[in-house]
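Here's the structure, in structure tokens; my notes come after.
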């Protein structure tokens with residue numbers, strides 16, 4: 001499953017976190033982000049009727065994108081996620097039983113870690129990638145130190161306060177992708193606003209790639 005997630009992140013290294021989105025808005029916003037290139041979409045469970053949104057998006061983007069839930073805290077939420085057609089399970093913390101349960105349900109699992117101890121425990125339990133959270137605390141220098149000791153294939157995804165101009169230093173430190181929250185979407189934004197926010201991130205990524213080519 002790690003290879004599957006790695007493939008998606010290599011193609012488009014940004015995860016849309018649509019915290020607070022309503023089911024009646026999720027299709028328009030989700031489709032708009034998909035058109036831009038997003039292939040990983042997370043609906044946090046503290047959003048209104050999250051499983052309804054997950055089901056709608058999963059059916060609409062079936063086979064073309066991975067939709068899932070964030071802020072998972074209980075095992076029954078993983079079951080509801082699977083029943084809704086979601087494939088991605090994201091947690092703000094490390095709970096070894098939740099990680100193992102996610103894997104028995106054949107879900108891609110990304111728990112939140114803030115120390116190397118948590119990182120190793122999560123990987124040993126079967127995590128497919130690690131949500132480096134909160135990224136405001138795990139600065140690029142710290143991420144680089146983690147990268148030196150974690151297994152080479154470990155996927156590290158900083159989440160929390162990520163802005164377009166903060167990606168370069170994390171990529172240089174070894175980040176494999178980013179979770180984008182309020183800088184991408186906030187309740188009340190229309191699809192044009194969200195796409196404009198997304199374009200700011202894409203512009204920075206494109207400039208980073210061009211810079212690497214020149215060097």
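The residues in the range 172-212 that are in a helix (DSSP H, G or I) and under 16 Å from residue 160 (Cβ atoms) can be counted, and the count is 2.
For the range 70-87: of the residues being over 14 Å from the mean Cα position of the chain (by Cα) and not in a helix (DSSP H, G or I), which is nearest to residue 150 (Cα to Cα)? It comes out as 73. In this structure, residue 98 does not satisfy being modelled with pLDDT under 95, touching a strand residue (DSSP E or B) at 6+ places or on another chain (Cβ under 9 Å) and outside any loop (DSSP other than H, G, I, E, B). When 94, 90, 132, 67 are checked against the criterion of being under 17 Å from the mean Cα position of the chain (by Cα) and more than 29 Å from residue 32 (Cα to Cα), 94 stands alone in meeting it.
Only residues that are without any contact (Cβ under 8 Å) to a residue 24 or more places away in the chain, under 20 Å from residue 8 (Cβ atoms) and surrounded by fewer than 20 Cβ atoms within 10 Å (Cβ to Cβ): list them for the range 54-94, please. Residues satisfying the conditions are 62, 63. Out of everything in the range 154-166 that is touching a strand residue (DSSP E or B) at 6+ places or on another chain (Cβ under 6 Å) and in contact (Cβ under 8 Å) with a residue 40 or more places away in the chain, what residue ends up being surrounded by the fewest Cβ atoms within 10 Å (Cβ to Cβ)? Here the answer is 159.
The rows are residues; the columns are (1) in contact with a helix residue (DSSP H, G or I) (Cβ under 9 Å, 6 or more places away or on another chain); (2) surrounded by 15 or more Cβ atoms within 10 Å (Cβ to Cβ).
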{"residue": "123", "(1), (2)": "no, yes"}
{"residue": "133", "(1), (2)": "no, yes"}
{"residue": "152", "(1), (2)": "no, no"}
{"residue": "170", "(1), (2)": "yes, yes"}
{"residue": "183", "(1), (2)": "yes, yes"}
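Apart from one condition, residue 140 fits all of (1) surrounded by 21 or more Cβ atoms within 10 Å (Cβ to Cβ); (2) touching a helix residue (DSSP H, G or I) at 6+ places or on another chain (Cβ under 6 Å); the exception is (1).
For beta carbons closer than 6 Å, sequence separation of 6+ or different chains, a first residue in the range 25-37 that is in contact (Cβ under 8 Å) with a residue 40 or more places away in the chain and on the phi > 0 side of the Ramachandran plot and a second that is outside any helix (DSSP H, G or I) and surrounded by 15 or more Cβ atoms within 10 Å (Cβ to Cβ), the qualifying pairs are 37/12. Tally the residues that are in contact with a strand residue (DSSP E or B) (Cβ under 6 Å, 6 or more places away or on another chain), buried (at least 20 other Cβ atoms within 10 Å of the Cβ) and under 19 Å from residue 160 (Cβ atoms), restricting the search to the range 1-42. Adding up the residues that qualify gives 9.
The values are calculated or read from the model by the stated rules, or taken from the named source; none is laboratory data. Small disclaimer: the values here were computed from a predicted structure and weren't measured. Counting neighbours? That spans all protein chains shown, and the Cβs are built from the backbone with ideal geometry, glycine included.
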